[in-house]
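Below: the structure, in C-alpha cells.
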Amino acid sequence: MPSVIPYLRASFGRRILLLFALCIVVPGAIFGFLSLRQVEEKFHQETMRRMRLQGREIVMSIHGGFSSIETEVEFLAGILGNGTIPTLHRSSDWGWMFHDRPLLGATRIRDGSRSEALFGNPCPPPPQTAAARSHLASNRGLVYLQQNAGGSPRFFLAHAIRGKAPERELLVCEVNLDHIWGRVRDATPPVTEVAVLSPDGEPLFQTQPMPVAVLKRVEEERRKGPAGNFEWGQGSETLLVDLATVFMKPAFLAEDWIVVVSQPRSEAFAAAKRFTQALFLSIALVVLMAGLFAHVQIRRSVAPLAVLKEGTRRISGGDFDSRVEIGSGDEFEELGHSFNAMADHLGREFRIQADMGRIVQTILGETEKRKIVEAVLENVNAVVPCDCAGLSLMDPGVMKNEAITYIREDASIVSSVTRKVMLSLSTEEIRRMKSAEKSVLVGKGAEFGNFLSGWTGTRPAVFLLSPLVPRGELAGVLILGYRNPQSPAREILIRIRQVADQTAIALSRARLIEDLAQNDLGTLTALARTVDTNSHWTAGHSERVTNLAMDLGRELGLPPDEIDLLHRGGLLHDIGKLGVPPSILDKPGKLTEEEFAVIKKHPSKGAEILEPIPNLQKVIPIVFQHHERFDGKGYPNGLSGEHISLHARILALADVVDALISDRPYRPGWSREKVIAYARENSGLQFDPSVVEAFYRIEARRSVAAPAETEFTAA
C-alpha cells in the first residue's frame, strides 16, 4: 500500500490506522506469535523424544551386533572344545566358515601365552585381571581393544573354550566393526547423523564428521548422566543433539560407549516452518483486505491535506519547482493555488541567495589578491545584474593616492578579458569614498570621476560604487556599470553591499596571510643564519644552498608550492648542527669516528627540533633525509632511490655543491669545473641523475651567459 503512506502523515489518517491496527493487526500478530510458540515447543519436544528413541534403537543395534558376534565366537569355541572337526588346522580351513562374517580373525591361546592363529591376523590375549577371569569363567564374552599408533583401534572378543578353564585355554576373535556400523547405518533414519564415541570420547564411527565443539559439549553432558540432549549453534544452523550410553560392562565387561544422534533444526522443524508460512499467509491476507478498506477511507478523508504537507516538505528540502495538484473543488483547491504562488516567490528568492552564497564562498575561499579579483569580477553579475564591473584596489606598494583598477567591460560574459589600469586619485575623492556608508550611484562627469577614468569607448550611463573599508581604511572600490540610467532596486543595493563587504574581508585576509608568510620566511632566514654562525666557515651556507635548491626545483618543473617547500627546507636543513660543538665543526684535520658519529646525528636532531611545529611537518623529511645517498649508502637510515623524498634529493646535491665550492678548515674550495665534474661522476651513486642533469643545464646556461666568470655562485 505505498500510495497510502502520504495520507498517514495526517493526524486523522493516523487515528484510522491506529484503529485498524488495534482491531486487526495486533490481535492477529498476538495470535500468530502464541500459535507459533506453541507449535515450535511441541515440535521441539516431539523431535527430542524421537531422537531419544532413535538413539536407543541404535544402542540396541550395537548390543545386538555384539551379541550375534558373541554367538559366533561361542559357536567356534564349542567346535574347538568338542573336537568335532579335528581337521581344521590351517587358516584356509576356517575361511569358508567365516567368509563375509563379522569376524576378521581367530586365535587360540593356551596357558595365557602360547597362541595359535586359526585364521586372519594374530589376536592379543585379553587383560589378565581377576574381573576378566571371573567374567570369562561365567561363559560370557569379554570385549577389549588394542590401540594402533596412528590408526583405528582393533576390537576383540574373548571366550572360554567349552570344557576348558579360561586361564588354560581361550578363543580370541577380532571383531569386524564394519558389521557393527552396518547395523548402525541401517538403524539411522534419514537427515540424521550418528556418531559412536569410545569411553575416552574419541569417535569410533561417524556418518559425518562432527564438530569438535559438539564433541566437547557431549563430554560435558556425559558427566551429568548416561543420557541427555542439548542444542548447539553452528553459524546460521542449529543442531539438535541427543546422547545415549551403550552399557557394555554387564554383558562384555567393557567400558561404556556413547551414541550421539544429531539433526539440523531446520530439518527437524521443516513441518513447523510450513505451518508458520501458512499461518502468516492467512494473517497477511486478512491484514491486506482490512488495509485496502482502511486505505479507501483514509484517501477520502485526508488526501488533500496529505498533498499539501508533501508539497511543503519538498519546498523545505529546496525543491522550489514543486507544485501541488488538488481537484477537490473546495477550500483545499483554493489553498493549493495560494501554495503554488508562494512556491514561485520563494524559488526566486532562494536562487538569488544561493548565488550570493556561492560568490561569497568563492571570494572567501581564495587567499591570493589576484584570484580574489578574478572571482569577484567573474561572479558578481550572477547576484547583481549589471553591464560591466570593475574593482579598484588601493595598493600600498604604489605611490600615495594611486590605485590599480581591474575592469571587465561586459561582466555578463565570463570569458571576457579583464584589463588592468593605474588610476590617480585625489585626496578628497579618497576621503569622501572612505566616509560613504552605503553604495554611491553616480552618472557621467559626476563626482568620483577619477575612479571611472579607466573606462574607455562606450561608457555606462550610471555607475554604482561600493567602498571596501576593512579596519577603517579604504582598501578599494567595487564598481558596477549600467547602460540604463534607471536606479537599481533596493534589494540590488543590499546585495552589492554584501558582496563588497565580503570582498573587503577577503582582501584584508589575503594581505594578512602575505605579511605572515613574509614574516615566516624572515624568521626562518634568521634561524638559518644563527645556525651558520655556529662556525665562521659555514657563514651564508644555508641561504646559498636554498637558492641553488630552488633553482634546481624550477629546472625540474616543480610547482610554486613545492618551490616554497624547498625554500623552507633549505633554510632549516642544518638546524640540527646547533647540537654539534664548534670544536668539531672547525676542526682542521680529519674527524675521528666518535666525532663523525656526532656529525651524523644532526639530520635526526634537526627533525626532532622541528617535530613540535605543525606548519613545518612537511619540512621534516627534507631535513631528515638530506644526507641520504641515491645508492643507499647515506645516513641516517640508508634510504635509496625514490624512497628518498625528491626535495631531499635536490637539497643533497645543493648542499654538497656549496660545501665543495666553499673553503673549509681542512681544504680550500674547489673550482666550478671540478664541482660539476664531481656531480657528474657521482650521478646515480651519491646523487639523483635527474637532479644532476638539471644542475648541469643550469651551469651550461650560466657559462653561455657569462663565459668570463670563474667564481661559482648559486643562481
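The values are calculated or read from the model by the stated rules, or taken from the named source; none is laboratory data. Quantities reported herein were computed from a predicted structural model and do not represent experimental measurements. Cβ placement follows ideal geometry from the backbone for every residue including glycine, while neighbour counts extend to all protein chains displayed.
Within this structure, S604 fails the test of being modelled with pLDDT of 90 or more, assigned to a helix (DSSP H, G or I) and surrounded by 12 or more Cβ atoms within 10 Å (Cβ to Cβ).
Test W232 against the criterion of being part of a strand (DSSP E or B), of a type in the set (F, W, Y) and in contact with a strand residue (DSSP E or B) (Cβ under 6 Å, 6 or more places away or on another chain), and give yes or no. Yes. In summary, strands (runs of 3 or more DSSP E) completely within the range 162-224 and bearing 2 or more residues that are assigned by TED's automatic domain parsing to the domain that holds I62 occur at 169-175.
Going through (1) at pLDDT below 75; (2) hydrophobic (A, V, I, L, M, F, W, C); (3) closer than 21 Å to K371 by Cα; (4) buried (at least 21 other Cβ atoms within 10 Å of the Cβ) one by one, F451 falls short only on (3).
Could you tell me whether the range 329-345 includes any residue that is in a helix (DSSP H, G or I), under 46 Å from the mean Cα position of the chain (by Cα) and modelled with pLDDT under 75? Yes, the conditions are met somewhere in the range 329-345.
Inspect the range 661-684 for any residue being of a type outside the set (A, V, I, L, M, F, W, C), more than 34 Å from the chain's Cα centre (by Cα), in the same structural domain as L556 (by TED's automatic domain parsing) and closer than 17 Å to H573 by Cα and give the result as yes or no. No, the range 661-684 contains no residue that is of a type outside the set (A, V, I, L, M, F, W, C), more than 34 Å from the chain's Cα centre (by Cα), in the same structural domain as L556 (by TED's automatic domain parsing) and closer than 17 Å to H573 by Cα. Provide a single number: the residues in the range 235-260 that are in contact with a strand residue (DSSP E or B) (Cβ under 6 Å, 6 or more places away or on another chain), aliphatic (A, V, I, L, M) and not in a loop (DSSP other than H, G, I, E, B). So the answer is 9.
Being hydroxyl-bearing (S, T, Y), over 30 Å from the mean Cα position of the chain (by Cα) and part of a loop (DSSP other than H, G, I, E, B) is a condition met by no residue of the range 643-660. Counting only residues that are within 21 Å of I494 (Cβ to Cβ) and either modelled with pLDDT under 75 or surrounded by fewer than 19 Cβ atoms within 10 Å (Cβ to Cβ) (or both), the range 384-411 holds 3 of them. Here P153 does not qualify as touching a strand residue (DSSP E or B) at 6+ places or on another chain (Cβ under 8 Å) and farther than 18 Å from I69 by Cα. Does the range 62-76 hold any residues that are in contact with a helix residue (DSSP H, G or I) (Cβ under 9 Å, 6 or more places away or on another chain) and surrounded by fewer than 20 Cβ atoms within 10 Å (Cβ to Cβ), and which are they? Within the range 62-76, H63, G64, S67, S68 meet the criteria.
Is it fair to say R544 is in a helix (DSSP H, G or I), charged (D, E, K, R) and more than 42 Å from the chain's Cα centre (by Cα)? The answer is yes for R544. Restricting the range 212-229 to residues that are of a type in the set (A, V, I, L, M) and either within 17 Å of M48 (Cα to Cα) or more than 46 Å from the chain's Cα centre (by Cα) (or both) leaves a set whose member that is surrounded by the most Cβ atoms within 10 Å (Cβ to Cβ) is V218.
In a residue-by-residue description of the range 547-566, the property of being buried (at least 16 other Cβ atoms within 10 Å of the Cβ), modelled with pLDDT under 70 and either not acidic (D, E) or not in a helix (DSSP H, G or I) (or both) applies to no position. Considered as a group, the residues in the range 615-642 that are touching a His at 6+ places or on another chain (Cβ under 7 Å) and not in a loop (DSSP other than H, G, I, E, B) include one that is nearest to V692 (Cα to Cα), and that residue is I622.
Taken together, Q625, Q617 contain a single residue that is without any contact (Cβ under 8 Å) to a residue 12 or more places away in the chain and within 38 Å of the chain's Cα centre (by Cα), which is Q617. The single condition from (1) assigned by TED's automatic domain parsing to the domain that holds R49; (2) in contact (Cβ under 8 Å) with a residue 60 or more places away in the chain that M248 fails is (1). Against the criterion of being at pLDDT 80 or above, surrounded by 15 or more Cβ atoms within 10 Å (Cβ to Cβ) and among the polar types (S, T, N, Q), T107 qualifies. Of all residues assigned to the range 570-592, none qualifies as being small (G, A, S) and at pLDDT 85 or above. Of all residues in the range 17-40, those that are over 14 Å from L288 (Cα atoms) have Cβ atoms under 8 Å from Cβ atoms of residues that are at pLDDT 70 or above and buried (at least 17 other Cβ atoms within 10 Å of the Cβ), 6 or more apart or on another chain, in F31/I283; G32/I283.
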